[in-house]
1. Filter the stretch 71-115 down to the residues that are within 13 Å of W209 (Cα to Cα) and polar (S, T, N, Q) and list them by number.
2. Any residue at all in the stretch 31-42 that is open to solvent by 10 Å² or more (accessible area, probe 1.4 Å), more than 27 Å from A197 (Cα to Cα) and touching a Phe, Trp or Tyr at 6+ places or on another chain (Cβ under 9 Å)?
3. Can you name every residue in the stretch 69-90 that is open to solvent by 10 Å² or more (accessible area, probe 1.4 Å) and assigned to a loop (DSSP other than H, G, I, E, B)?
4. Select from the stretch 205-218 the residues that are charged (D, E, K, R) and at pLDDT 95 or above and write down the one among them that is least open to solvent (accessible area, probe 1.4 Å).
5. Is one or more of the residues making up the stretch 157-170 touching a helix residue (DSSP H, G or I) at 6+ places or on another chain (Cβ under 7 Å) and not hydrophobic (A, V, I, L, M, F, W, C)?
6. In this structure, is L82 over 22 Å from A229 (Cα atoms) and touching a helix residue (DSSP H, G or I) at 6+ places or on another chain (Cβ under 8 Å)?
7. Among the residues of the stretch 166-194, how many are open to solvent by less than 30 Å² (accessible area, probe 1.4 Å), touching a residue at least 60 places away in the same chain (Cβ under 8 Å) and more than 17 Å from L82 (Cβ to Cβ)?
8. Report, ordered by the first and then the second residue, all pairs with beta carbons closer than 7 Å, sequence separation of six or more or different chains, a first member in the stretch 144-160 that is modelled with pLDDT under 95, and a second member that is of a type in the set (F, W, Y).
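The values are calculated or read from the model by the stated rules, or taken from the named source; none is laboratory data. Here the structure is a predicted model, which is why all the values come from computation and not from measurement. Glycine gets a Cβ as well: all are built from the backbone with ideal geometry, and neighbour counts include every protein chain shown. Just the protein is used for accessible areas: all its heavy atoms, side chains included, with ligands, DNA and RNA removed. Shrake-Rupley method; radii C 1.70, N 1.55, O 1.52, S 1.80 Å.
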Amino acid sequence: MGTYAAVVLAGGAARRMGGVDKPALPVGGRPMRDRVLAAVSDATPRVLVGAADAVPSGVRVVREDPPGGGPVAAAAAGLALLDADTTLVALLAADLPLLTRAAIGDLLTHLDRETPDTEPPGGGSAPAPPAHTGLAPAPPAHTGPDGERRPDGACFVDGDGRRQSLCGVWRVAALRSAFDRLTVERGGSLSGAPVRALLAGLVVREVAWSGEGPPPWFDCDTDEDVRRAEEWAR
């Protein structure tokens, strides 16, 4: 697959945990955000979106506009710092303490797999909006030598088959087009936009974790989740 970048989203209000700096909470003796950054240590560049007192060497830090504007606004701020020739990016929440380099490699492998994906989520083609609507065009299709459409991204699904969109890898061109479309649809602002709206129309390859160890998609939304991750990390 070649090189890839990583954007780690470390914002959010953590309301279910009393408003703490959730990515800074330790699991296995290390802040969750540092564990996520370590899982993508071979990414170039690595971008952390959110407030952080200290980050590993070489990690770029940026804030979303406006601060607290949500994951889509944060992802847009992170992508804005990527090098112009970056083609692939891991887009990750900072509360994935069980994420590993092997899991990222699994996603990259699935994204590059030759089996084509011809339909976006929900079935059917993703039509381009009519010209008179003023909406941005649909994202450019990534096709293989046989002309079949390839996935725009690959992400894990949990044990119940629910997509974990912020534990995935994506083609940068497809994401940039999706940001442009959604910005137009929302009148120029991405603040508060849901991730599902950003990914609407993209072809996503869903990956069930089958490797060794705990599920890398496990995110920590509650204190109980952190305790469970701590047990897994021992």
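1. T100, T109
2. First pass over the stretch 31-42, keeping only residues open to solvent by 10 Å² or more (accessible area, probe 1.4 Å): 31, 33-35, 38, 41-42.
Still in the list and also more than 27 Å from A197 (Cα to Cα): 31, 34-35, 38, 41-42.
Those left that are additionally touching a Phe, Trp or Tyr at 6+ places or on another chain (Cβ under 9 Å): 42.
The answer is yes, given that some residue of the stretch 31-42 is open to solvent by 10 Å² or more (accessible area, probe 1.4 Å), more than 27 Å from A197 (Cα to Cα) and touching a Phe, Trp or Tyr at 6+ places or on another chain (Cβ under 9 Å).
3. Scanning the stretch 69-90 gives G70, A80, L81, L82, D83, A84, D85, T86, T87.
4. So the residue we want is R205.
5. Filtering the stretch 157-170 down to residues touching a helix residue (DSSP H, G or I) at 6+ places or on another chain (Cβ under 7 Å) leaves 165-166, 168-169.
In the following step, the residues that additionally are not hydrophobic (A, V, I, L, M, F, W, C) were identified as 165, 168.
Within the stretch 157-170, one or more residues are touching a helix residue (DSSP H, G or I) at 6+ places or on another chain (Cβ under 7 Å) and not hydrophobic (A, V, I, L, M, F, W, C).
6. On the way: over 22 Å from A229 (Cα atoms): yes; touching a helix residue (DSSP H, G or I) at 6+ places or on another chain (Cβ under 8 Å): yes.
Criteria met by L82.
7. 3
8. Note: no pairs meet the criteria.
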